[in-house]
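The structure under discussion appears below in the form of structure tokens.
The values are calculated or read from the model by the stated rules, or taken from the named source; none is laboratory data. The model shown is predicted, which means the values in this text are computed figures rather than measured ones. Counting neighbours? That spans all protein chains shown, and the Cβs are built from the backbone with ideal geometry, glycine included. For the accessible areas, the whole protein counts, side chains as well, though only heavy atoms, and no ligand, DNA or RNA atoms are used. Shrake-Rupley method; radii C 1.70, N 1.55, O 1.52, S 1.80 Å.
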Amino acid sequence: MRVYVVGDVGSPGGYDVSSLSTPLNALFVAGGVTLQGSLRRLQHYRGKLLIEEVDAYDLLLHGIRGDLQRLENGDSLMIPPLGRW
């Protein structure tokens, strides 16, 4: 299935991923965040609907998270810039 990774990521664009993929898998295939990108608020969208916000620091500090939503065909992952929100 095809998903889209946009924002402050190494290689933004569309990627074919497994049906078992989560937003973190999509971030990985897109080359990870840039130096200007934030791991605090990865935004997973299905159309215009925000499905979830993922705090990847939580994953780094506490290990694997089993509660991440799986991606569906056409979903988008937006990586915001560093800074205050």
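The condition (being open to solvent by less than 60 Å² (accessible area, probe 1.4 Å), assigned to a loop (DSSP other than H, G, I, E, B), touching a strand residue (DSSP E or B) at 6+ places or on another chain (Cβ under 6 Å) and touching a residue at least 12 places away in the same chain (Cβ under 8 Å)) is satisfied by just one residue among Leu71, Leu77: Leu71.
Can you find a residue that is in a helix (DSSP H, G or I) and within 12 Å of Ile79 (Cβ to Cβ) anywhere in the stretch 30-51? Looking through the stretch 30-51, none of the residues is in a helix (DSSP H, G or I) and within 12 Å of Ile79 (Cβ to Cβ).
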